Amino acid sequence: MIRHRPQGRGHPYQPDDEQRLPLLPVAGQPVEIRATSHPELTDAVLEFGEREQVPMVDRGYDRSGRRRGVGTLNPLAPGELRYRIAADDGSTRTR
């Protein structure tokens, strides 16, 4: 299972392992997509646009034992931000 909350937990000064940074993306600026999953997950990609894929970088484990991953979209085109996180176990999360 992939966990991703674009707004995070809502803390204004502490980004969380499951959120999008910046929360309100600016066209032409990079956007970092963060997610967590079960510890056995070995690979995930960030899909966006017309079949473009960015591998998610493994950032180890959080305090709860969940695997952390980060992918960066760079740069974003103007318009709606839609992306999908796909894992090697078949689980997905779309925003």
### Message
Per residue of segment 13-19, what does 6.51 cos²θ - 1.76 cosθ + 1.60 with θ = phi - 60° give for ³J(HN,Hα)? Whole Hz please, x for Gly and Pro, Karplus curve as stated.
### Response
10, 10, x, 10, 6, 10, 10
### Query
Over segment 2-94, what is the mean sequence separation of C-alpha contacts under 8 Å (at least six apart), divided by residue count, expressed as relative contact order in percent?
30
### Query
Tell me, which longest segment in the chain has none of the GluC sites (Glu not before Pro) that fall in DSSP loops with at most 10 further Cβ atoms within 10 Å?
1-39
### Message
How would ASP17, ASP89 line up from fewest to most surrounding beta-carbon atoms within 10 angstrom?
### Response
ASP89, ASP17
## Note on the structure
Spelling it out for MET56: with amide H atoms placed in the peptide plane at 1.01 Å from N, the residues 5 or more places away or on another chain with amide H under 5 Å from its amide H are ALA44, VAL45, LEU46
## Note on the structure
Diffing segment 85-90: the Karplus 3J(HN,Hα) column from phi (6.51, -1.76, 1.60, θ = phi - 60°), in whole Hz with x for Gly and Pro, holds 9, 10, 10, 5, 8, x
## Note on the structure
Semi-axes a, b, c in Å (a largest) for the chain, each sqrt of 5 times a Cα gyration tensor eigenvalue, come to 21, 17, 10
### Task
Only loop residues by DSSP count here, and only those with at most 13 other Cβ atoms within 10 Å; note down the trypsin sites (Lys or Arg not before Pro) in segment 1-76 that meet that.
ARG9, ARG51, ARG63
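Read the figures in this text as sums done on the coordinates, not as results from a lab. This one's a predicted model, so the numbers in the text were calculated from it and none came from an experiment. Quick reminder, even Gly has a Cβ in these numbers, built from the backbone with ideal geometry, and neighbours come from all protein chains shown.
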